[in-house]
Amino acid sequence: MKITYYGHSCFAVQLEKHRILFDPFISGNKLAQNIKIDQIKCDYILLSHGHEDHTADAILIAKNNNATIVSSYEIATWAGNQGCKYHPMNTGGKWKFDFGTVKCVSAVHSSVLPDGTYGANPMGFVVDDGVQAFYYSGDTALTLDMQLIPKYKKLDLAILCIGDNFTMGYEDAVEAAKMVHCKTILGVHYDTFGYIEIDKSAVKKYFTENGLELFLLEIAGEIEI
């Protein structure tokens, strides 16, 4: 799988012929000002929760691509009411799509949509295309529920929030990586705002000291796992 990072918690994953975009927040992110939203291609958009820094560009990108939005029932139907294709899910549920299986897992955070609509409970995702599997934590605190993740699937990658203040910081993200039994980590949700700026060198050093490989991609950067 190939991953393209668009800043904050927005990234796309290429799984064979399908491209899945997560939590698009580009237009409001000064660090991503060189990303052209109209050029982003995807077949599906997965939204972990309703906050604007995860949903701001979801409707526009979905309509541009005739993409299906996958999220909690409340967020999915909110998108549907705006003319988007959607598939509603909820925590604990799974569904087999044409690109693979998505299982919705717990996240400890808050959620409200940009227009004030109820955003339901936040969630993370375990995505499995039959060849590789990855876990995206979404915005969350460290939680013991993460110990359940490796019971679902052996992971090739964990995508974890690391910026602290609004979510778990990098120390807790290391503990999360240990809980999900994954040594290859992509860090997200950092540096976008003053509250979540990190010392990249110190963070990478801490992961290395704990036997983990951490990727911190530049915006528009790519990795292949």
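I'd like the residue in segment 88-100 that is open to solvent by 30 Å² or more (accessible area, probe 1.4 Å) and either small (Gly, Ala, Ser) or in contact with a Phe, Trp or Tyr (Cβ under 7 Å, 6 or more places away or on another chain) (or both) and, out of all such residues, is nearest to Ile59 (Cα to Cα). Ranking the candidates gives Pro88 first. The condition (being part of a loop (DSSP other than H, G, I, E, B) and either within 22 Å of Cys161 (Cβ to Cβ) or touching a residue at least 40 places away in the same chain (Cβ under 8 Å) (or both)) is satisfied by just one residue among Val108, Val70, Val102: Val108. Restricting attention to segment 123-143 and to residues that are open to solvent by 10 Å² or more (accessible area, probe 1.4 Å) and in contact with an Asp or Glu (Cβ under 8 Å, 6 or more places away or on another chain), the residue that is nearest to Leu46 (Cα to Cα) turns out to be Asp129. Output yes when any residue across segment 172-182 is farther than 24 Å from Phe25 by Cα, open to solvent by 60 Å² or more (accessible area, probe 1.4 Å), outside any loop (DSSP other than H, G, I, E, B) and touching a Phe, Trp or Tyr at 6+ places or on another chain (Cβ under 7 Å), and no when none is. No; the residues of segment 172-182 include none that is farther than 24 Å from Phe25 by Cα, open to solvent by 60 Å² or more (accessible area, probe 1.4 Å), outside any loop (DSSP other than H, G, I, E, B) and touching a Phe, Trp or Tyr at 6+ places or on another chain (Cβ under 7 Å).
Against the definition (open to solvent by less than 10 Å² (accessible area, probe 1.4 Å), part of a loop (DSSP other than H, G, I, E, B) and of a type outside the set (Lys, Arg)), how does His54 come out, yes or no? Talk me through it step by step, then tell me what you get.
On the way: open to solvent by less than 10 Å² (accessible area, probe 1.4 Å): yes; part of a loop (DSSP other than H, G, I, E, B): no; of a type outside the set (Lys, Arg): yes.
No, not satisfied.
Which residue, of Gly124, Gly138, is among the small types (Gly, Ala, Ser), closer than 25 Å to Gly169 by Cβ and assigned to a strand (DSSP E or B)?
Working: Gly138 fails: assigned to a strand (DSSP E or B).
Within the list Gly124, Gly138, the selection yields Gly124.
Each row is one residue, and each column tells you yes or no for (1) part of a loop (DSSP other than H, G, I, E, B); (2) surrounded by 17 or more Cβ atoms within 10 Å (Cβ to Cβ); (3) free of Cβ contacts under 8 Å to residues at least 40 places away in the same chain; (4) not hydroxyl-bearing (Ser, Thr, Tyr).
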{"residue": "Ile3", "(1), (2), (3), (4)": "no, yes, no, yes"}
{"residue": "His8", "(1), (2), (3), (4)": "yes, yes, no, yes"}
{"residue": "Gln14", "(1), (2), (3), (4)": "no, yes, yes, yes"}
{"residue": "Arg19", "(1), (2), (3), (4)": "no, yes, yes, yes"}
{"residue": "Ile26", "(1), (2), (3), (4)": "yes, yes, yes, yes"}
{"residue": "Leu31", "(1), (2), (3), (4)": "no, no, no, yes"}
{"residue": "Asn34", "(1), (2), (3), (4)": "yes, no, no, yes"}
{"residue": "Lys41", "(1), (2), (3), (4)": "yes, no, yes, yes"}
{"residue": "His49", "(1), (2), (3), (4)": "yes, yes, no, yes"}
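The values are calculated or read from the model by the stated rules, or taken from the named source; none is laboratory data. Everything quoted here is computed from the prediction, not taken from an experiment. Here the Cβ is made from the backbone with ideal geometry for all residues, glycine too, and neighbour counts use every protein chain on show. Heavy atoms of the whole protein, side chains included, go into the accessibility calculation; ligands, DNA and RNA do not. Shrake-Rupley method; radii C 1.70, N 1.55, O 1.52, S 1.80 Å.
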